[in-house]
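For reference, the structure discussed in these notes is given below.
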Number of protein chains: 2
Amino acid sequence: MTVPEGYDKYAYEPFAVTVDLAVFTVRAGTLQVLLVERGQEPYAGRWALPGGFVLPDESAEEAAWRELAEETGVTDVSGLHLEQLRTYSEPGRDPRMRVVTVAFAALFPDAPVPHGGGDAAQAQWLRFNAIGPLAFDHDRILADAHERVGAKLEYTCLATSFCPPEFTLGELQQVYETVWGTPLDRPNFRRKVLATPGFVEQVPGAARLTGGRGKPAALYRAGVATTLHPPLLRPTMEGRP
Amino acid sequence: MTVPEGYDKYAYEPFAVTVDLAVFTVRAGTLQVLLVERGQEPYAGRWALPGGFVLPDESAEEAAWRELAEETGVTDVSGLHLEQLRTYSEPGRDPRMRVVTVAFAALFPDAPVPHGGGDAAQAQWLRFNAIGPLAFDHDRILADAHERVGAKLEYTCLATSFCPPEFTLGELQQVYETVWGTPLDRPNFRRKVLATPGFVEQVPGAARLTGGRGKPAALYRAGVATTLHPPLLRPTMEGRP
DNA sequence: CGACTAATAGTCACTACGACCATAAAGGGG
DNA sequence: CCCCTTTATGGTCGTAGTGACTATTAGTCG
């Protein structure tokens, strides 16, 4: 009875399918998450991950891209990093009805749109470390997303997705430190990044940027590489979960 | 309009939600996949991944475990490795109706149940390399599952899930070689595995097993560790996709 | 008994990396 | 103007991990 003769003969129950987005950014040395405040029950007044229903003619990915644009107010979200995390389908996760949600993780570079765009109840950036209990099972989704992003920094060039088009190695290092919550040795980080071909490429025009005091730093762009071999592992926490 | 005032006011379309399983095993030095032959249109006569609908009162994970037991005919599937892969939701992936499927990857040790159990159209093991086009988008799901399993062998102790309770290091190495499709250097593999604390532990009673000719090998059990630090990387294919 | 097979042991060189120290180039305060 | 602070950048040194090999051991097969 696993594969029924025809789907219409099978007494399956239809589910609502939604997408939920864990959108991260690194701003001023802190990890921030895009959240919306719920207006009605259940969980009225609580913060929740932005999301919405998957429409009849779109995939979960398309719904996620659409929601990303709507919630951030950014018109051109292409170029941002968006990846599927996993699907949460526990029967009781929404008390009103059976809702299956496909969770996504997205990364935002700093510069644009300090807070929401034109809509009424737009989303806001909150510090990852100062987030109380979220609505539904969004705490777990957010924790899974954070772990995934942290892990991907180790073996992919994903960190540049948190940076503006041109950035210093110090800014890139701060992305790692902020997401991982661990300080890194600056010369060693520099050596590793520059030794990985295609991770970053220096902006040729001897361009330099100064955010304040200290020696001006060279500017880099994201390179063509997508993966890191060998990986850039976080400081030894023996058994990682 | 992203988060409606109430779900019942929102014109969402309900979807059917299914699970699909990519179940792997290593038998006789080949990678094999559990498949079922479709009996009716669409894709009648084609092979497909085992799967089925998520029932109203169960999560996708529970449905996957249930299907795993049903399709393999094995009563006790606890202890097997089963993990969620990702969700496939393209609108046209099932020509009959809108079906969103949560895909899982599962690993089977060799020994048990050479072919299906008691049901009528039971599943069969087919060589991974000799699989023609599958039904629906199952080729892509299977490819994604294979890539995921291969990647997880690098940084987890997952390979022991392909082995019987007691195994030789040669058998463990064959798991890696079969999944990756690459030969490995035997002394180096041995050194790496034994140098990782908690990966395997030797069966104390000087127990030895011989499958035929050659020096008898020591027997090992899976250890307590779950992750590999540092990872056991596949032979250098510079940029991995 | 000798050929063959597979497991196990050990060597050597090179790479990658953690922990440092040193220098260069900017601004700020006395 | 000099010194101190700050940040970027350039190195060194020792060690762990690993790829590429060679050698030895302990069985089966003919």
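Scanning segment B:71-80 for residues that are outside any helix (DSSP H, G or I) and of a type outside the set (Gly, Ala, Ser) yields B:Val74, B:Thr75, B:Asp76, B:Val77, B:Leu80.
Say whether the condition of being closer than 24 Å to B:Gln32 by Cβ, more than 13 Å from DNA strand D (Cβ to nearest atom) and not charged (D, E, K, R) is met by at least one residue in segment B:179-189.
Yes: segment B:179-189 contains one or more residues that are closer than 24 Å to B:Gln32 by Cβ, more than 13 Å from DNA strand D (Cβ to nearest atom) and not charged (D, E, K, R).
A single member of A:Glu147, A:Glu177 is under 11 Å from the mean Cα position of the chain (by Cα) and surrounded by fewer than 18 Cβ atoms within 10 Å (Cβ to Cβ), and it is A:Glu147. Of all residues being farther than 19 Å from B:Phe15 by Cα and either aromatic (Phe, Trp, Tyr) or within 17 Å of the chain's Cα centre (by Cα) (or both) in segment B:38-66, which is surrounded by the most Cβ atoms within 10 Å (Cβ to Cβ)? Just the residue, please. Restricting to residues being farther than 19 Å from B:Phe15 by Cα and either aromatic (Phe, Trp, Tyr) or within 17 Å of the chain's Cα centre (by Cα) (or both), the top hit is B:Leu49.
Does segment B:205-219 contain at least one residue that is more than 14 Å from chain A (Cβ to nearest Cβ), more than 12 Å from DNA strand C (Cβ to nearest atom) and under 18 Å from B:Asp110 (Cα atoms)? Among the residues of segment B:205-219, not one is more than 14 Å from chain A (Cβ to nearest Cβ), more than 12 Å from DNA strand C (Cβ to nearest atom) and under 18 Å from B:Asp110 (Cα atoms), which makes the answer no. Residues that are closer than 25 Å to B:Ala159 by Cβ and more than 9 Å from every other protein chain (Cβ to nearest Cβ) number at least 2 in the following strands (runs of 3 or more DSSP E) confined to segment B:12-70: B:16-27, B:30-37.
Go through segment A:81-92 residue by residue and tally those that are at the interface with another protein chain (Cβ under 9 Å from one of its Cβ atoms) and part of a loop (DSSP other than H, G, I, E, B).
Result for segment A:81-92: 3.
Would segment B:185-195 turn up any residue that is touching a helix residue (DSSP H, G or I) at 6+ places or on another chain (Cβ under 6 Å) and surrounded by fewer than 17 Cβ atoms within 10 Å (Cβ to Cβ)? Within segment B:185-195 (the criterion being touching a helix residue (DSSP H, G or I) at 6+ places or on another chain (Cβ under 6 Å) and surrounded by fewer than 17 Cβ atoms within 10 Å (Cβ to Cβ)), the answer is yes, since at least one residue qualifies. Pairs linking a residue in segment A:187-208 that is over 12 Å from A:Gln173 (Cα atoms) to a residue that is assigned to a loop (DSSP other than H, G, I, E, B) and near DNA strand D (Cβ under 9 Å from one of its atoms), with Cβ atoms under 8 Å and 6 or more positions apart or on different chains, are A:Arg208/A:Pro216.
Taking segment B:153-201, which residues are within 15 Å of DNA strand C (Cβ to nearest atom), among the β-branched types (Val, Ile, Thr) and within 25 Å of B:Asn129 (Cβ to Cβ)? Correct list: B:Thr168, B:Val175, B:Thr178. Of all residue pairs spaced 6 or more apart or on separate chains, those with beta-carbon atoms under 9 Å, a first member in segment A:55-78 that is among the polar types (S, T, N, Q) and a second member that is part of a helix (DSSP H, G or I) are A:Thr75/A:Ala69; A:Ser78/A:Trp65.
Bear in mind these aren't lab numbers, they're just calculated from the coordinates by the rules spelled out. Remember, predicted model here, so these are calculated numbers, not experimental data. Note that each Cβ is placed from the backbone with ideal geometry, even for glycine, and that neighbours are counted across all protein chains shown.
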